[in-house]
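Trainee: Below you will find the structure I want to go over with you.
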């Protein structure tokens, strides 16, 4: 029984050949691939589809880098402007403070002078 | 029986050397000599002609890139069987949830010039598709490629006992589900 089943299996599983059309295509494809590998000039060459992909990827990467650099420069300019504005405000406050002190001194000296001159007080 | 110590028929080590050195005619001979085995393994593993043709092409393209490492025609046969079964098992695992096309939609796998029962052969082929991919690969290497269990274990990187247990279990399943014409004849005569 076992031998019978095994012989039937062998009969059922005999190797079959693919179609001649497929064989021709397979040989053409593989030998063409071999030719491109033998030719060193073609060895590193990418297919048009791969080249297009690489071109798109390079453009996208360049665009990203350019945007990043531009953003960084803008931030730096804004920071510098902010610091300059801060310096100017501090300077303005310092000058204002000096003027106020001066005015205070003047008012103080003027208000003390007539009192000293009044007799009998 | 074709074992790992024998060369595949129709192709010599001298032709392999020529193919390795870039001889297109020798490469074409190599493909013609080995495509039957690769294609049939792929077809019986994957069950669809288109997928089998795609896999056959992928295997030979891969072989072309590794041709320089092929030491002999025997090594080449071993490599082709190994890569074909590994790739087929991998594909089956990836598409395990996709429903497979029934074999009825396919053209007959081969003629019945040997006088075998075509219905019984079709039945066995259909049962084969119900086995797990590794069990199917073991059965194909045993009964299609005529490898012995030791060579099957080497090809599939599988312990010999696993190969034997796959063979035993698969044959048991096939035996249970295959009608025995001799037994049927006896039963007919007794009634």
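The values are calculated or read from the model by the stated rules, or taken from the named source; none is laboratory data. None of the values given here were measured: they were computed from a predicted structure. Positions of Cβ are generated from backbone atoms using ideal geometry, with glycine treated the same way; all protein chains shown enter the neighbour counts.
Trainee: Mind checking which residues of the range B:19-48 are facing chain A (nearest Cβ under 8 Å), in a helix (DSSP H, G or I) and either at pLDDT 95 or above or farther than 13 Å from residue B:79 by Cβ (or both)? Spell out how you get there, then give the answer.
Mentor: Within the range B:19-48, the first condition is being facing chain A (nearest Cβ under 8 Å), and the residues that meet it are B:22, B:24, B:27-28, B:31-32, B:35-37, B:39-40, B:43-44.
Then keep just the ones that are in a helix (DSSP H, G or I); that gives B:24, B:27-28, B:31-32, B:35-37, B:39-40, B:43-44.
Those that are facing chain A (nearest Cβ under 8 Å), in a helix (DSSP H, G or I) and either at pLDDT 95 or above or farther than 13 Å from residue B:79 by Cβ (or both): B:24, B:27, B:28, B:31, B:32, B:35, B:36, B:39, B:40, B:43, B:44.
Trainee: Check residue B:161 against each of (1) closer than 28 Å to residue B:81 by Cα; (2) at pLDDT below 95 and name the one condition it does not meet.
Mentor: Checking residue B:161 against (1) closer than 28 Å to residue B:81 by Cα; (2) at pLDDT below 95, the one that fails is (2).
Trainee: Could you check, for the range B:109-129, whether at least one of its residues is loosely packed, with under 15 Cβ neighbours inside 10 Å, more than 21 Å from residue A:17 (Cβ to Cβ), more than 13 Å from every other protein chain (Cβ to nearest Cβ) and at pLDDT below 95?
Mentor: Scanning the range B:109-129 turns up no residue that is loosely packed, with under 15 Cβ neighbours inside 10 Å, more than 21 Å from residue A:17 (Cβ to Cβ), more than 13 Å from every other protein chain (Cβ to nearest Cβ) and at pLDDT below 95.
Trainee: Give the residue that is farthest from residue B:145 (Cα to Cα), with candidates limited to residues of the range B:70-82 that are more than 14 Å from chain A (Cβ to nearest Cβ) and without any contact (Cβ under 8 Å) to a residue 60 or more places away in the chain.
Mentor: Here the residue is B:71.
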